[in-house]
C-alpha cells in the first residue's frame, strides 16, 4: 500500500509542477511602433495580414493620431471590407483596437470563427483623438474584419488580443491518463 501512496504523492507533485508551468493567458497589445512607413508585412505580430491591405504610417499626420508611440496602420483609400481581414494563427479572444481619423469613417468589427460570423461590434465614428473600439465579444475567434464605408480615412493602433491556451483540466486529464498507463504497466510487466 505504501508503494501506491508514494506513487500518488509523486504524481501529485508532478501535476503541481505541470500546472505551475502552464502558460498564462496574457493580452497582447500589438503596436506598430517598430515599423517604418510602408506596406505592413503579411505576417506581423503572429497574425496573418495577407488578405489585408494595410499600410504602416510612422510619420505624424493629423487627424491620424497614434494611440501610443508613432506607428499605426491604415487600409487603402476606399478599399473593400474584404481587404481588412486579419487572421489569427490560433484561436484568440479579441478585445479591440484604437482608431483615429476623419469623422464619418464609421467603423465596426465582424468577428469570425471557422468562416462564420460570430459577432458584430458596436460602431465608432473616429476623430483626431484615438478611441478604443471594443469587440464586445468574450468568445474565441480566428479572424477579424474591420468594416467601414470610408476605408483609408482612419488609422488603427494597439490591436489587442489574447491567444487561447489549453485549460488546466486538459493537463490534468493528460496526467491522469499517464498515471493509468503507468499503473497498468506495473501490474502487467511485459
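Scan segment 54-74 for residues that are surrounded by fewer than 19 Cβ atoms within 10 Å (Cβ to Cβ), farther than 11 Å from residue 36 by Cα and over 19 Å from the mean Cα position of the chain (by Cα) and the total you get is 5.
Across segment 54-68, which residue is farthest from residue 122 (Cα to Cα) among those that are in a loop (DSSP other than H, G, I, E, B) and in contact (Cβ under 8 Å) with a residue 60 or more places away in the chain? For segment 54-68, the residue satisfying everything is 62.
Out of all the residues in segment 100-152, which are surrounded by fewer than 14 Cβ atoms within 10 Å (Cβ to Cβ) and at positive phi? Result: 104, 114, 115. If the condition is being more than 15 Å from residue 128 (Cα to Cα), assigned to a strand (DSSP E or B) and touching a residue at least 60 places away in the same chain (Cβ under 8 Å), then segment 69-88 contributes 75, 85, 86, 88. When each of 100, 52, 74, 92 is tested for being under 15 Å from residue 159 (Cβ atoms) and touching a helix residue (DSSP H, G or I) at 6+ places or on another chain (Cβ under 9 Å), the lone residue that passes is 52.
FYI, it's all coordinate maths here, none of it is from the lab. These numbers were taken from a predicted model, which means no experiment stands behind them. Glycine gets a Cβ as well: all are built from the backbone with ideal geometry, and neighbour counts include every protein chain shown.
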